[in-house]
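Chemist: Take a look at this one; I'll ask things after.
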Amino acid sequence: MPKEYYEAIAEAKRNTWLLFGVFIALLLAIGWLFGVWLGNLYFGTAIAMGIAIIWGAISWYSGDKVILKVSGARRLKKEENPYLYNLAEGLALAAGVPTPEMYIIDDPSPNSFATGRDPEHGKIAVTTGLLKMMDRAELEGVIAHEMSHIKNYDIRTMMVAAVLVGIIALLGQLFVRMVWFGGNRERKGGGQMLILAIGIVLIALSPVIAQLIKMAISRRREFLADATAVELTRNPDGIRSALEKLAADHTPLKRANGATAHLYIEDPIVNERGMFAIVGRWFSTHPPIEERIRRLKEMAQIG
């Protein structure tokens, strides 16, 4: 396999951990602000981390079930579609992971996603529209893309990222309410009040910052999954052709929502952004599909 494949994978992993570092720093900064206001830095940080642990534990064990329920996915038995299951079993063997549970979404829009907390609990969902649109090589490319999310622990990465976004938003709301209704504001010195004023601004912006970071992580993981799909199938044309078909189709996904959009192989939320196209790209959960296709064409030429 050409070294460019592995370089693409390594680059995406490095960038993801860098973004996670920013996420954690933001979480600790909010905990520090709690401590400044309460007069005890350790207690404030403990509050932030305690909420993070509780929320994280709940999401860890129930997140994938909620995602599948919200998406309208139902468990697919092997006898219902042995062709799809055989394809998944072969790719799981190539990826070195257990065969994931397969789910179907009754929707004419072609799309798919993977979820779960680790490869042992991996799940792949595809729409009926995707099964109708793709030929064998293209469907293999799509399933390989989702299998890559499982193999590379992207399913865990994106679950943790979504949890962190929720935690930061919750802590921000708690802090603003505490400052607004707090009874100890009078005893704070001018310097501390200035710090708190800056902190309130940071808290107000932190959910937006966290969401941007989550989306950046998602975009990086899509590039990584495309590169790993090529590694699994040894066929850049399969996933490339599938992406070209997805780019040409504009059928909206009926149960699309912002909470799960980052999971899909293609952003299911269709918006006309007009003059706000550049800003819209900042908030996109996926890299431009044209850029993904371009990279896959380069891989095909290298191979």
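Just so it is clear, none of the values below were taken in a lab; they were calculated from the coordinates. In this text, all values refer to a predicted model and were calculated from it rather than measured experimentally. Counting neighbours? That spans all protein chains shown, and the Cβs are built from the backbone with ideal geometry, glycine included.
Chemist: Can you sort Trp55, Trp37 from fewest to most other Cβ atoms within 10 Å of each residue's own Cβ?
Modeler: Working: Trp55 16, Trp37 21.
With the fewest neighbours first, Trp55, Trp37 line up as Trp55, Trp37.
Chemist: Which residues in segment 136-158 have a backbone N closer than 11 Å to a point placed 7 Å from the Cα of Arg234 along the Cα-to-Cβ line?
Modeler: none
Chemist: Sticking with this structure for a sec: Based on alpha-carbon atoms only, what is the radius of gyration of segment 215-261 relative to the globular estimate 2.2 N^0.38 Å? Don't skip to the end; give the middle numbers.
Modeler: Details: Rg = 12.9 Å, N = 47, 2.2 N^0.38 = 9.5 Å.
Output field value: 1.35.
Chemist: Output wanted: per-residue J couplings in Hz (rounded whole) for segment 114-128, from phi through Karplus 6.51 cos²θ - 1.76 cosθ + 1.60, θ = phi - 60°, x for Gly and Pro.
Modeler: With coefficients 6.51, -1.76 and 1.60, one gets 10, 8, x, 8, 6, x, 5, 10, x, 9, 10, 10, 10, 8, 5 Hz.
Chemist: How high is the FRET efficiency from Ile53 to Ala94, r the C-beta distance, R0 30 Å, rounded to 0.05?
Modeler: Details: r = 36 Å, r/R0 = 1.21.
E(calc), rounded to 0.05, equals 0.25.
Chemist: Could you list, in their original order, any pairs among Lys77/Lys214; Lys65/Lys245; Lys123/Lys254; Lys214/Lys254; Lys254/Lys297 whose Cα atoms are separated by more than 27 Å? Provide the component values of the computation, followed by the final result.
Modeler: Values: Lys77/Lys214 33 Å; Lys65/Lys245 29 Å; Lys123/Lys254 21 Å; Lys214/Lys254 23 Å; Lys254/Lys297 31 Å.
Over 27 Å Cα-Cα: Lys77/Lys214; Lys65/Lys245; Lys254/Lys297.
Chemist: Continuing with this model, one more query. What is the set of long-range amide H partners of Tyr103 at a cut-off below 5 Å, with H atoms built 1.01 Å from backbone N?
Modeler: Leu76, Ile124, Ala125, Val126
Chemist: Still on this structure, I have one more. Could you line up Phe223, Phe113 from fewest to most neighbouring Cβ atoms inside 10 Å?
Modeler: Details: Phe223 19, Phe113 28.
Ordered from fewest to most neighbouring Cβ atoms within 10 Å, Phe223, Phe113 come out as Phe223, Phe113.
Chemist: Rounded to the nearest 0.05, what FRET efficiency do Ala169 and Glu120 give with R0 = 25 Å and r taken as the Cβ-Cβ distance? Could you check? List each step's numbers first, then the result.
Modeler: Working: r = 30 Å, r/R0 = 1.21.
That pair, Ala169 with Glu120, gives E of 0.25.
Chemist: Let me ask another. If you take the beta carbon distance between Arg294 and Tyr61 as r and set R0 to 45 Å, what does 1/(1 + (r/R0)^6) give as a FRET efficiency, to the nearest 0.05? If you can, show how the numbers build up before the last one.
Modeler: Details: r = 40 Å, r/R0 = 0.88.
Using R0 = 45 Å, I get an efficiency of 0.70.
Chemist: With each label point set 7 Å from Cα along the Cα-Cβ vector, what nm distance links Phe43 and Lys69?
Modeler: Here the modelled spin labels are 3.7 nm apart.
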